[in-house]
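Below is one structure, written out as structure tokens; comments come after it.
Quick note: the coordinates plus some simple rules give every number you see, no bench work behind them. Remember, it's a predicted structure, so these values are computed and weren't measured experimentally. Don't worry about glycine lacking a Cβ; one is built from the backbone with ideal geometry, like all the others, and counts go over all protein chains shown.
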Amino acid sequence: MNIEMKGKGIIYPEVMIRGDFGPVRIGRYVCIGSGTIIRPPSYYGSENQHKFLPIWIGSYTSIGENCIIESSSIGESVKIGNNVVLGKRSIIKDCVYVESNTVVPPDMALPPFSIVSGSPARISSSRSVPESALTDFTIDASNLYKSFVETLKNRDTL
């Protein structure tokens, strides 16, 4: 279909990626929690035709459990909590932390290094992700993948 993974990612059970609607591109070391639905964003074009846009999920991104993702793009080193809804055509820049139970409305753009929470989502003006978090998120994603592989190895030896 239209799903492309760059490699070394983790997709837990019960994840639904709708590549039949449009292209879905997923970077390296991406973790997608169980029960999450990823589908390309849509809009009504001329003559009321339903059209779908591609979706890009950047490397070193972690998506929690039971999320609904319809963003146009999610940057690199993004952490998304559990039960998050990312509305149609929303744009999440690099190094953003979306807290659990957040609802990002359609067409909202989240700036880099921001912390977002609430329903509807609000950018926390008093807090931001430090620029050093870029390397922290990258290391966390790599370590998560390594521990996942180690768990699989241990399970196979039992």
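Taking every pair of alpha-carbon atoms in the chain, what share in percent sits in each 5 Å bin, from 0 to the bin with the longest distance?
Calculated P(r), rounded to whole percents: 2, 10, 17, 23, 20, 14, 8, 4, 2, 1, 0, 0.
Taking R0 as 35 Å, what FRET efficiency do you get between LYS8 and ASP107 from their Cβ-Cβ distance, rounded to the nearest 0.05?
According to the calculation, E is roughly 0.65.
Given labels modelled 7 Å from the Cα in the Cβ direction, how far is it in nm from SER124 to GLU150?
Result: 2.9 nm between the two label points.
Once you have a ≥ b ≥ c as the square roots of the Cα gyration tensor eigenvalues for segment 28-97, tell me rounded if a/c is under 1.5, and otherwise prolate or oblate according to whether a/b is larger than b/c.
Prolate is the answer for segment 28-97, as a/c is 1.5 or above and a/b outweighs b/c.
For a footprinting-style exposure proxy, rank TYR44, TYR12 by other Cβ within 10 Å, fewest first.
Starting with the residue having the fewest Cβ neighbours, the order is TYR44, TYR12.
Starting with the fewest neighbours, write out LEU134, LEU110, LEU86 ranked by other beta-carbon atoms found within 10 Å of each beta-carbon.
Least crowded to most crowded, the residues run LEU134, LEU110, LEU86.
Greater than 22 Å separation of Cα atoms is the criterion. Which listed pairs, LYS6/LYS93; LYS79/LYS153; LYS8/LYS79; LYS8/LYS88; LYS51/LYS79; LYS6/LYS88, meet it?
In this structure, LYS79/LYS153; LYS8/LYS88; LYS51/LYS79; LYS6/LYS88 exceed 22 Å between Cα atoms.
In a Gaussian network model over the chain where Cα atoms closer than 10 Å are linked, find which of SER34, SER72, SER147 has the largest mean-square fluctuation.
Greatest mean-square fluctuation among the candidates belongs to SER147.
Note the full-extension length gain between SER42 and THR135 as 0.36 nm times their separation in residues minus their Cα-Cα distance, in nm to one decimal. Before the final figure, lay out each step's value.
On the way: separation 93, 0.36 × 93 = 33.48 nm, distance 3.31 nm.
Length gained, SER42 through THR135: 30.2 nm.
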